[in-house]
Structures are given as structure tokens and as C-alpha cells.
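Report on the following structure.
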Amino acid sequence: MNHLPVCMVLLPMFTAVMCLWLGEATRSPFTQRWTGLLGMSLLLGLSVWMLSLSADGQVFVYRLGNWPAPFAITLVVDRLSATMVALTVVLALVVLLAAWGGDDTRGPYFHPLVHLQVMGLCGAFMTGDLFNLFVFFEILLIASYALLVYGGGPARVRATLHYVVLNLVGSALFLLSVGLLYGTLGTLNMADMAAKVATATSADVPLIRAAAGLLLVVFGLKAAIVPMSLWLPSTYEAATTPVSAFFAIMTKVGIYGIIRVFIPLFGPEQPGVGGVAEPWVGGLGLVTLLVGTLGTLAATDLKNTVSFLIVVSVGLQAISLGQFTEAGLAAAIFYIVHSTFLTAGLFLMAGAIIHQRGELGGRLSAGPVVHQGRALAVLFLIAAMSVVGLPPLSGFISKALILSATPSEMRPAVWGIILSTSFLLLVQLARVGSVLFWNVLAREPKGCPPGPNASLGPAIFLMSASLLIALFAGPIDAFTREAAASVYDRETMIERVLRSRSDSKAPNGLSEGGDARVRRPGEEDTP
Amino acid sequence: MEWMLAASVGVVASCGVYLLLRRRSMSVVFGLALLSYATNLVLFSMGRLTVGAPPILGPEGESAVYADPLPQALVLTAIVIGFAMTAFVVVVALIAHRSLGDDDVDAPVAQEGEP
């Protein structure tokens with residue numbers, strides 16, 4: 001058995017502990033930085049290796065403790081999981097480097113927290129067990145609570161309180177639906193659930209549908225789909241710049257949860273329990289897109305503008321995913337890759353601009369001349385073009401993919417809203433850019449710390465990803481289509497995950513199927 | 001028995017939601033705790049209600065009465081996570097009370113925090 005998947009969870013945990021231990025022992029940011037960088041680079045190597053293996057069509061099914069599949073925890077890594085893990089690790093590495101400029105010394109534990117969150121994210125993207133998904137959600141959430149309040153200050157504390165309370169309610173609902181699903185289906189393994197959903201008795205179907213609806217609410221809250229998106233702008237605005245950039249991956253966890261649960265488990269073609277999410281995701285995605293665009297138009301602060309752009313990107317992902325077709329899912333995965341780099345880059349760029357403007361901060365009013373103005377202005381231009389979706393950048397290609405994936409009967413509404421919001425975004429970003437770079441007063445900024453900004457380089461790196469995605473759009477598109485096809489291929493996935501039931505013996509001589517409700521008549525259990 | 005468990009889950013959950021919707025941050029914390037208790041009770045009852053049954057299959061096989069051990073393990077995990085989260089939210093609420101000077105969850109931020 002290849003131990004690569006579990007390494008993706010263990011290595012960040014190990015690095016986090018090492019960062020803590022060495023940081024405490026030497027009391028210098030230097031040790032933490034290099035330990036963190038080393039651990040994350042190692043993880044990057046592993047994740048790229050895993051991605052290249054799964055791009056060849058290999059699906060890892062890792063059984064913890066080598067227990068046969070529906071028992072204990074299974075990690076399942078296919079193309080989508082490997083892509084999300086690689087995205088997370090690349091982003092985390094960039095964020096760690098962006099924090100080297102001094103953001104990581106505002107508190108003692110920046111590096112361990114980032115590694116713990118990477119551990120939770122990687123686990124959540126790889127697990128094939130619903131309760132384990134809950135546990136990894138909690139790991140990534142508790143790290144994100146601490147990262148959000150990182151740096152201190154009343155605004156951050158207030159945003160953290162709101163974020164923690166909302167997510168604890170979300171966790172309670174998650175647990176409730178996990179319990180209901182176990183009570184009705186008798187299993188928590190997602191592949192096993194997908195197989196058992198079809199044979200659920202008619203008395204259980206309403207309960208399963210209710211549990212699925214609760215799960216949709218939970219994932220919608222994490223993904224910030226309207227009406228559960230109101231927490232996002234103030235939260236992301238309050239966080240320290242590298243943390244906001246890292247949180248660009250957080251909304252994707254919710255979208256990923258919807259993909260994993262509402263396509264193979266409660267997909268449209270499942271008898272009885274199907275069709276829980278279809279009426280909601282696409283329509284709410286359109287509303288999310290509208291709300292995000294209006295928020296961007298109303299924003300008076302640069303970081304607030306960028307936060308609303310995250311809501312816009314969530315809306316586009318939900319629209320594309322909400323069509324529940326293979327083409328729609330492929331376009332959504334492409335958009336996830338594009339928007340993770342872009343929104344993280346936007347936050348780092350906003351951080352660099354705010355840093356240069358001194359005490360004026362991110363307010364959109366006439367200010368001093370921005371240092372490094374030319375580099376930042378070009379960067380802003382590229383970012384704005386990519387957000388709006390002007391050719392030749394990745395934003396154009398990903399939006400075109402979403403538009404072309406729309407079924408023809410929905411085209412008037414979806415195309416109308418996506419194209420008109422793109423125009424509104426173009427207007428607003430042109431306004432923001434001209435205020436920041438042209439509407440300047442001929443004086444030096446007050447309260448501006450000297451020296452170059454550390455987040456400029458990482459921001460340039462993330463923005464250049466937008467160009468690279470556009471250059472290699474063909475291969476990436478082919479890859480995302482394959483990834484989407486493997487998510488939809490329920491039978492193969494069930495067969496892969498549960499295959500061990502017949503060919504491997506349970507440890508300790510235990511027979512399989514200890515629970516009456518786990519077993520279905522007609523299964524080849526040995527008594 | 002069953003109606004009692006169902007009713008107590010309902011009462012605890014509704015008290016939790018009521019407290020959650022209040023403005024004082026400590027009420028919200030208590031509301032969260034009650035909500036997680038209700039969730040844990042639901043999770044526990046998902047293994048079906050049995051009295052005095054062992055959590056393991058005896059020699060007579062699956063015809064005997066037994067308690068499903070898995071929901072108990074899940075509840076244990078959920079209690080541990082819930083306990084840690086409650087401790088964390090108490091600390092955040094205390095810090096918020098200290099730095100905002102008010103225990104209202106929507107207390108205005110007096111002066112801009114450092115960028």
C-alpha cells in the first residue's frame with residue numbers, strides 16, 4: 001500500500017510540532033521560518049508527486065490500520081482531491097513567504113497555525129468518510145479561528161467572535177446530519193453510503209433528505225453562498241494580509257464538500273433521495289454573484305472590495321456546479337484553480353498597496369503617491385482584467401468555460417447575469433484603480449514604514465499563475481474534465497473503495513458485518 | 001422512554017437556539033453549549049435505544065440485543081471537540097469583552113485597529 005496520502009496529513013502535523021518546539025527552544029523567528037519552509041517545501045514535493053500519479057488515472061484508496069473498507073477510515077485520492085491538496089500546499093507556501101516580511105512576528109505561533117490548517121485542509125480534501133470529514137473540518141476551523149484573530153486588535157477580535165459562533169452552529173448541524181445519516185444508512189463511508197442510499201426504505205427517505213438538506217446548509221455556510229455569505233466580507237477584511245490570502249482556499253472547502261456529497265451520494269439520478277441540492281445551488285449562486293457584485297460597487301475600502309470579489313467567485317463556482325452536469329463541474333474545477341490563485345494574489349496585492357499608503361490604509365480616496373507604483377499598477381491591471389474576465393488571461397477562459405457549460409434553456413438568465421455583473425465589476429475596478437494610482441496628492445505618505453513590501457513578490461507570483469493557467473488552458477481543461485468524469489463515475493468509485501471486502505481478511509479474525517444494519521441481504525459476508 | 005428523549009432533545013435545542021439569538025456574548029456561548037448537547041443526544045440515540053445491552057455481539061449472533069458502539073465513539077469525539085471549541089469561544093468572548101469594552105456581540109469597534 002502506498003503511504004503517500006497519509007503523509008499529506010502527518011507531515012504538516014509534524015512540521016507544526018517542530019515549529020512549536022524549535023520556536024520555543026530558540027525564541028527566534030528565524031528557526032520557525034526555515035523549519036516551516038522546509039516542511040512545506042517537502043509537502044509541496046509530495047503533493048506534486050501525488051498529483052502527477054493521480055493525473056495518470058491512479059486512485060489512491062488508503063485504509064487506515066488496513067481495516068477493510070466500510071469499517072474504520074478510508075482516504076480516497078482521485079484527480080480532484082490531488083488538485084485541491086496541491087492548490088492548498090502551493091498557496092500555503094506562498095503565504096508563509098509573504099509573511100516573512102514581518103507579519104509572522106506579530107504573534108508567536110503563525111507558522112505552526114498555518115501548518116495545522118494545511119493538515120486539516122489536506123485531510124478534508126482526501127477523506128472518504130463523512131465523520132472524518134467533520135473532524136478535519138474542525139481541525140482546519142480551529143486553526144483558522146486562531147489565524148483570524150492573529151495580530152490582535154478590537155476589529156479582529158469582533159470578527160473572530162462572529163466567525164467562531166457561526167461555524168460552531170455549522171458544526172452542530174454537520175454533526176446532526178452525520179448522526180441522522182448513520183442512523184438511517186448504517187455507515188459513514190461515503191462510497192458505502194452512495195451504494196446504500198439506493199436501497200433505503202421509503203420510511204427512511206424523508207430523514208435522509210432532511211440530513212442532506214442540513215449538509216447543504218453547512219457546506220453553503222463554509223462556501224459563503226447567499227444567504228449564508230454575510231459573514232465573509234467583514235471576516236476577510238479584518239484578517240492580517242497573509243491570512244486573508246490563505247483563506248482564499250477556505251470557501252473552496254465548502255464547494256468541495258458539495259461536490260463530494262451531492263454528486264455521488266445524493267446526485268440527481270439517485271432514486272428517492274436525489275434532487276436535494278439541484279433546486280438551490282445554481283439559483284443561489286446567481287444571487288451570490290449579484291450580491292457580491294453590488295457589495296463590490298458599494299465598497300469604500302480596498303480590502304473590502306477584494307473580500308466581495310471572493311463572494312463573486314463563490315457565486316460563479318456555485319452557478320457552474322449547480323448545473324449538476326459533467327461539463328458544469330469541469331468548468332467549476334477550472335474556476336476553483338483560477339480563483340484560488342487570483343483571489344489570494346488580490347489580497348497580497350491589496351496588502352502591499354495598503355502598506356505603501358501609510359495611515360490612509362485601504363480607504364478609496366485621494367492619497368499620497370504609492371511607492372513601487374508602477375509595479376503595483378501593472379499588477380492591479382492584470383488582476384482586474386482577470387477578475388472581470390477580459391482576454392487573454394485565465395479569468396476569460398474560466399468564464400467562457402462556465403458560459404459554454406450552461407445548458408441552452410438556462411442560457412438567457414445565466415449569461416445575462418454573468419455578463420452584466422462582469423461589466424459592473426469592470427466599472428468598479430476601473431474606478432478603484434484610478435483612485436489608487438492616479439488620484440494622488442503630491443506628498444509623502446504619513447506613517448508609512450520604510451522598505452520594500454514582502455507581499456509584493458508573492459503577489460506577482462500568484463498573478464503570474466493567472467497567465468500560466470491561460471497559456472496551458474488546454475491541458476488543464478482536459479485534466480479538469482477527467483477529474484469531473486471521475487467524480488461522476490459513482491460505480492467505479494464504490495467498487496474501488498469497497499473492493500477489499502472480498503479480497504482481504506479482517507484483522508484479529510473478526511468477521512465483517514458486525515452490525516445488523518450495516519449488512520444488506522445478499523452480501524457475501526462470512527458468518 | 002422514546003418520547004422523553006425526543007422531548008428533552010427538543011427542549012435543550014430550543015433553549016440553545018433562544019440563547020444563541022441573544023445579544024450578550026455569554027448567552028451566546030451558553031446557547032452554543034446547549035445546542036451541542038442536543039446534537040450529542042441525537043447522535044447517541046442514532047445507535048437505537050437499548051437498556052443494559054453489551055456493545056458487542058454475543059455468541060448468539062445478531063439476534064441478540066446489543067448496543068451499537070459506533071455512535072458512542074462518535075459522541076465521545078464530538079464531546080471532546082465540542083469541549084475544546086467551547087473553551088475557545090469563552091476565551092474569544094472574554095477578549096472581545098475586554099478589548100471592545102462591551103459584551104454585546106455587535107459592539108461597535110471604537111477606534112480603527114492597526115492595519
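Nothing in this text is a laboratory measurement; each read-out follows from the coordinates by a stated rule. All figures in this text were calculated on a predicted structure; none of them were measured in a lab. Using ideal geometry, Cβ is built from the backbone for each residue, glycine included, and neighbour counts are taken over all protein chains shown.
Here region A:32-73 and region A:291-342 have alpha carbon centers that stand 28 Å from each other. Calculated on the alpha-carbon coordinates, the convex hull of the protein assembly as shown measures out at 153 cubic angstrom per residue. What is the angle, in °, between the Cα long axis of helix B:25-45 and the longest principal axis of the Cα atoms in chain B? Nearest 10 is fine, range 0 to 90. Compared with the principal axis, the helix lies near 10 degrees. For region A:180-330, the convex hull drawn through the C-alpha positions has a volume of 107 cubic angstrom per residue.
Under a 5 Å amide H cut-off, with hydrogens placed 1.01 Å from N, residue A:129 pairs with A:74, A:190 among residues at least 5 apart or on other chains.
What whole-number volume per residue, in cubic angstrom, does the convex hull of the C-alpha atoms of region A:275-382 give? Present the calculation step by step, with values, prior to reporting the outcome.
Values: hull volume 10.1 nm³, N = 108.
Expressed per residue, the convex hull around the Cα atoms of region A:275-382 is 94 Å³.
Figure the gain on full extension for residue A:58 and residue A:439 (residue separation times 0.36 nm, minus the Cα-Cα span) and round it to one decimal in nm.
On the way: separation 381, 0.36 × 381 = 137.16 nm, distance 5.43 nm.
In short, 131.7 nm is gained.
Rounded to two decimals, what is Rg over Rh for region A:2-85 when you use alpha-carbon atoms and the Kirkwood radius? Walk me through the numbers on the way to the answer.
Values: Rg = 15.5 Å, Rh = 14.2 Å.
Checking Rg against Rh, the ratio lands at 1.09.
From largest to smallest, the equivalent ellipsoid semi-axes obtained for region A:329-414 from the alpha-carbon gyration tensor read 33, 12, 11 Å. To the nearest ten degrees, helix A:302-321 and the longest principal axis of the Cα atoms of chain A are 30 degrees apart. Along the axis of the charge dipole computed for region A:137-270 (Cβ charges of +1 for Lys and Arg, -1 for Asp and Glu, origin at the Cα centre), the listed residues A:141, A:246, A:225 are led at the positive end by A:246.
Classify region A:228-301 from the C-alpha gyration tensor, please: rounded if a/c falls under 1.5, else prolate or oblate depending on whether a/b exceeds b/c. Don't skip to the end; give the middle numbers.
Values: a/c = 4.26, a/b = 1.87, b/c = 2.28.
Because a/c hits 1.5 or more and a/b fails to exceed b/c, region A:228-301 counts as oblate.
Treating region A:91-199 as a set of equal point scatterers at the Cα positions, no solvent, please give the Debye-formula log₁₀ I(q)/I(0) at q = 0.13, 0.14, 0.15, 0.17 Å⁻¹. Reported log10 I(q)/I(0), two decimals: -0.61, -0.67, -0.74, -0.86. Rounded to two decimals, the Cα radius of gyration of region A:128-192 over 2.2 N^0.38 Å is 1.40.
Taking label points 7 Å from Cα along the Cα-to-Cβ direction, residue A:24 and residue B:24 give a separation of 3.7 nm. Per-residue extension of 0.36 nm, minus the Cα-Cα distance of residue A:426 and residue A:166, leaves a gain of 90.3 nm for this segment.
Measure nothing fancy, just the Cα-based angle from helix A:250-262's long axis to the longest principal axis of chain A, in degrees from 0 to 90, nearest 10. Tilt relative to chain A: about 30 degrees. Where does the Debye-calculated log10 I(q)/I(0) of chain B sit at q = 0.19, 0.20, 0.21, 0.24 Å⁻¹, using only Cα point scatterers of equal weight, no solvent? The calculated log intensity ratios at q = 0.19, 0.20, 0.21, 0.24 Å⁻¹ are -1.01, -1.06, -1.11, -1.26.
Which whole-angstrom value gives the distance between the alpha carbon centres of region A:126-142 and region A:1-28? Cα centroid to Cα centroid, the span is 19 Å. With a Förster radius of 45 Å applied to the C-beta separation of residue A:202 and residue A:485, the computed FRET efficiency comes to 0.90.
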